[in-house]
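Data first, discussion second: the structure below is written as structure tokens.
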Amino acid sequence: MLNIVLFGPPGSGKGTQSEKIIEKYGLIHISTGDLLREQVAAQTELGKQAKEIMDTGELVSDKIVIGMIRVKLEENQDSPGFIFDGFPRTIEQARELRKALTDYDERVGVMISLEVPREELVKRLLKRGEETGRSDDNLEIINNRIDVYNRQTIPVTYYYDKMHKHAAVDGIGSVDKIYSRIVEVNGKVKK
Ligand code: ADP
């Protein structure tokens, strides 16, 4: 299996690049943000709880997202691998991902982090908000999401650094250019 953690701040292009990676490698895409939005749309109890938190830009509890990840792993045991998008977002989630994959004799091959400066993130997210009407893509919440990322999520890079699995990729440029940087990094990873 090839398991990739695609990492980066909100607006760094994880979703866009995930689509291209899936096409090339046939991986299953697991985006915790998308899974949570599905719950919100279906108006489940979990979705109602999650929406309140998502609308502030804070993180949903580790327990909830880890539970969703475990279900996805269980459902897709025959997959050639996974791309994790927007997860793990805390050290606790990274530890739990490791445990969950170990249960299937699997591991994360590489964590690719997309690097994009704050001004560019804000610009991209405001544009997305206008185009899609996504409720957390407004200036106040965007700023909080980036702060939360810097405070709670950046430490996840140190976790993968220690295991020599972290590769930083410049997230500025055309979609294709960034994608070719990702493919290059991935080619160097032992599967
Ligand atoms: P973005 O990366 O643009 O912020 P996401 O779709 O990944 O968008 O996440 C939207 C929101 O969903 C986050 O602000 C957070 O509230 C919640 N969320 C998504 N993934 C996680 C996660 N792994 N842990 C906790 N909360 C999450």
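Any read-out appearing in this document is the output of simple, stated calculations on the displayed coordinates, not a laboratory observation. This structure is a prediction, so every number in the text was calculated from the model and none was measured. Methodologically, a virtual Cβ is constructed for each residue, glycine included, from the backbone with ideal geometry; neighbour enumeration extends over all protein chains shown.
When only alpha carbons are used to place a centre, the stretch 1-67 and the stretch 132-191 end up 13 Å from one another.
With K and R counted +1 and D and E -1, the other residues having a Cβ less than 15 Å from that of Glu96 yield a net charge of +3. The overall shape of the stretch 134-184 is oblate: from the C-alpha gyration tensor, with semi-axes ordered a ≥ b ≥ c, the ratio a/c is 1.5 or greater and a/b is no larger than b/c.
Dipole magnitude for the stretch 35-76: about 40 debye, using +1 per Lys or Arg Cβ and -1 per Asp or Glu Cβ, origin at the Cα centre. With 26 Å as the limit on Cα-Cα distance, the pairs of Lys48/Lys123; Lys72/Lys127; Lys14/Lys72 that go past it are Lys48/Lys123; Lys72/Lys127.
A viscosity of 0.890 mPa s and a temperature of 25 °C, combined with the Kirkwood radius over Cα pairs in Stokes-Einstein, give a translational diffusion coefficient for the stretch 2-184 of 147 µm²/s.
Within the straight-line cut-off of under 16 Å between alpha carbons, the aspartates and glutamates reachable from Lys162 are Glu92, sequence neighbours fewer than 8 places apart in one chain being disregarded.
Please name which of Pro80, Ala50, Val122 has its Cα lying farthest along the dipole of the stretch 2-184 towards the positive end, using unit charges on Cβ (Lys, Arg +1; Asp, Glu -1) and the Cα centre as origin. Towards the positive end, the residue furthest out is Val122.
Is the C-alpha gyration tensor of the stretch 1-108 telling us rounded, prolate or oblate? Criteria: a/c under 1.5 is rounded; beyond that, a/b larger than b/c is prolate, otherwise oblate.
prolate
In a simple Cβ point-charge model (Lys, Arg +1; Asp, Glu -1; nothing else charged), the stretch 2-184 has a dipole of about 320 debye relative to its Cα centre. Each Lys and Arg contributes +1 and each Asp and Glu -1, all at the Cβ; summed about the Cα centre of the stretch 43-149, the dipole is approximately 100 debye.
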